[in-house]
Amino acid sequence: LIITHSPQIPAENIRGWRMISMAYDVNNKVVAVNFPSAVSSAFFYNPSSGYQVAAELITGIGYWLKYSPGIDAMPTNGTPLTQDTIDVADGWNLIGSIASSVDVLDIQSLPPGIVTSQFFGYQSAYYTSTTIEPGNAYWVKVDQSGQLILSSSQARSMAGYIRIIPTTEQP
């Protein structure tokens, strides 16, 4: 089941497995400090070797994290990221976010014109998202290695934008 919207999830409803990211640059990057209700390690995806446990949470990377029932807000301490350049490899990538919403049509790439799938978030099931929301993580499949550029104030250069090709394939 794919939900075709980008839900805003109140903090009190955060429980179970979630895809998260660090939208703020913080001094202490330890999972338990930033997500005290977490009941699992944080897992990131490496396209060449699969899932790995993260010792620290790094900006630009998406993570799977399991929460216990209860309230746990996304961390907003530290310096808000207004732009991030995220390394991606050919195939599926789990990417992070910045501190403001970014329309997927505003994402740029190096090299210019990287072809991507839709962006997939997760809330009990995968859904396609037209917006990258702060603190969330997203799956995206790319046709080549390079970098995706998320920015709260895009320089308008059509040569640098990604090309999103819808697919029925999911992460």
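Solvent-accessible area of the range 15-171 (1.4 angstrom probe, protein heavy atoms only): carbon and sulfur portion equals 53 percent.
At full extension, V33 and T79 could sit 14.9 nm farther apart than now, given 0.36 nm per residue minus the alpha carbon distance. Label-to-label distance, Q170 versus S41, with points set 7 angstrom from Cα along the beta-carbon direction: 2.7 nm.
The slack in the chain from V115 to D25, taken as 0.36 nm per residue of separation less the alpha-carbon distance, amounts to 29.5 nm. For the peptides 130-136, 147-153, the ranking by packing is 130-136, 147-153, with the highest mean count of neighbouring Cβ atoms within 10 Å listed first. Think of each Lys and Arg Cβ as +1 and each Asp and Glu Cβ as -1; about the Cα centre, that makes the dipole of the range 87-171 roughly 100 debye.
For the range 115-143, backbone nitrogen atoms closer than 18 Å to the point 7 Å from R163 Cα along Cα-to-C-beta are found at 115-119, 141-143.
The values are calculated or read from the model by the stated rules, or taken from the named source; none is laboratory data. Owing to the predicted nature of the structure, the values given are computational and were not obtained by experimental measurement. So basically every Cβ, Gly included, is an ideal-geometry build from the backbone, and we count neighbours across all protein chains shown. For the accessible areas, the whole protein counts, side chains as well, though only heavy atoms, and no ligand, DNA or RNA atoms are used. Shrake-Rupley method; radii C 1.70, N 1.55, O 1.52, S 1.80 Å.
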